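Written below as structure tokens is the structure these notes are about.
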Amino acid sequence: MAMSVGIAKSSPKHQADIPGLMTGVVLIGHGGFENLQYREDIAVPNPAPGEVLIRVAAAGINNTDINTRIGWYSKAVKSGTEAGGAQGFEIQDADASWSGVPMAFPRIQGGDCCGRIVAVGDGVDAGRIGERVIVRNMLRSYVDYRPMECWTFGSECDGAFAQYAKAPARETFKVECEWSDIELASVPCAYSTAENLLHRADVVAGEHVIITGASGGVGSAAIQLAKRRGAVVTAVAAKTKADQLVALGADRVHPRGESILKGQGRETVDVVIDVAAGPDFPELLEVLKKGGRYAVAGAIAGPIVELDVRTLYLKDLTFLGCTFQEDVVFENLITYIERGEIRPVVGKTYPLKDIVQAQQDFLSKSISGKLVLVIPQ
């Protein structure tokens, strides 16, 4: 079941006059950039019982949004994101979302949301109006908190690429810090994905962790979060990004495109944190120690890999696919922010109307740090 912007039957309490229409970007179908439509006549959502309405200030750009637009999650696609980033892929819509359930269009995407609560639905404390918040991007409320199930904000329900968004109150978190809205909008998707990878792999102090795609949003977050745990970090990224990744905390930077096995040596790594997959996958398993853990939450370099099953079982490796997030993952992120233990790196900002340029820049991988859309006020 998918949710779309609409008018609920509850009578929300609100802070001030809220317009009936808003500006936003709607996705009208899987495919190229032409399927992203900037509009000024979208109905403002009305929070249902248990929900809040957020005046969105900023929204980050993520691989998930692009992958959903282009239909990359379809099993018919065998290549990395870049191959169809501009024009999309030839697919059947039936399995083209990350959940495997057909998407409902039009859809407001945007997994990263930072803004202020301006209205609440029935059952929500009106005292929350005015809070500055971020939204858990992997929502459990709409699936009744069933184990290993969730919706993605901006995929199974409308997200943050608009002036207003609604979300479950219990998955909308107040944050008290001096960060800008743009910085806070950099957190939900990238940092929760990275923290989930480290949480599921149970990374502890002193372990050697290798992180692929380290200059991207998830990778750069994983560097900071792994160092916070006391790990030794080797980041895999382009040579030109090395200084920036060392500044984030990486102990070593392995040049992308060069042999990981030759660079690291056999059985020298405790944990692999992977968002790339692709042709480097076999060597990632070779550098893992016996009993090592491989955690994955992406395949930007290609989803189809070569696996020698003997490597898996003779080395007693543990494989961890990491999508679903336990509640503690996002809750911990709020704590890290408020304690000043992490800080996102923003590469560039764009007005919402320039979403296509932002996605083009994201796909080019030419800009380090998070790319963030500023929502018109």
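The numbers here are math on the coordinates, done by the rules we state, and not lab data. Please read these numbers as outputs of a predicted model, since none were measured by experiment. Every residue, glycine as well, gets a Cβ built from its backbone with ideal geometry; the counts of neighbours run over all protein chains shown.
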field: Amide proton proximity set for residue 21, modelled H, under 5 Å, gap of 5+
entry: 44
- prompt: For residue 262, which lysines qualify as cross-link partners when the Cα separation must be under 26 Å and same-chain residues fewer than eight apart are set aside?
  reply: 227, 239, 241, 289, 290, 315, 365
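For segment 189-321, what is the per residue volume of the convex hull drawn over the alpha-carbon atoms, in cubic angstrom?
Working: hull volume 11.9 nm³, N = 133.
Considering the Cα atoms of segment 189-321, their hull volume per residue is 89 Å³.
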field: residue 243-residue 90 pseudo-label distance in nm [points 7 Å out on the Cα-to-Cβ vector]
entry: 4.6 nm
- prompt: In what sequence, highest mean first, do 254-260, 215-221, 68-74 appear when ranked by Cβ atoms within 10 angstrom?
  reply: 215-221, 68-74, 254-260
- prompt: Per the Debye formula with a single identical scatterer at each Cα and no solvent contribution, what log10 I(q)/I(0) holds for segment 72-191 at q = 0.16, 0.18, 0.21 Å⁻¹?
  reply: -0.86, -1.02, -1.25
- prompt: Under a no-solvent Debye model with one identical scatterer per Cα of segment 146-236, what's log10 I(q)/I(0) at q = 0.14, 0.17, 0.21, 0.22 Å⁻¹?
  reply: -0.64, -0.89, -1.13, -1.17
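Stretch residue 307-residue 343 to full length: gain in nm at 0.36 nm per residue minus the Cα-Cα span? Display every interim value, and only then the final one.
Working: separation 36, 0.36 × 36 = 12.96 nm, distance 3.62 nm.
Using 0.36 nm per residue and subtracting the Cα-Cα distance, I get 9.3 nm.
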field: Approximate shape of segment 23-88 as ellipsoid semi-axes (Cα gyration tensor, √5λ), whole Å, largest first
entry: 28, 14, 11
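Which order do the peptides 346-359, 226-239 take when ranked by the mean count of other beta-carbon atoms within 10 Å per residue, highest first?
Ranked from most to least packed, the peptides come out as 226-239, 346-359.
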- prompt: Residue by residue, what Karplus-based ³J(HN,Hα) values in Hz, rounded to whole numbers, does segment 44-57 have, using 6.51, -1.76 and 1.60 with θ = phi - 60° and x for Gly and Pro?
  reply: 6, x, 10, x, 7, x, x, 10, 10, 9, 10, 7, 6, 9
- request: Indicate the helices, whole DSSP H runs only, in the chain that combine a mean Kyte-Doolittle hydropathy of 0.0 or more with a Cα extent along their long axis of 15 angstrom or more.
  value: 217-228, 327-339
field: Kirkwood Rh in Å, taken over all unlike Cα pairs in the chain
entry: 20.9 Å
- request: Between the alpha-carbon centers of segment 127-196 and segment 275-351, tell me the distance in whole angstrom.
  value: 21 Å
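Explain nothing, just the number: relative contact order of segment 189-321, from Cα pairs under 8 Å at least 6 residues apart, as a whole percent.
On the way: 288 pairs, mean separation 29.3, N = 133.
Relative contact order, segment 189-321: 22 percent.
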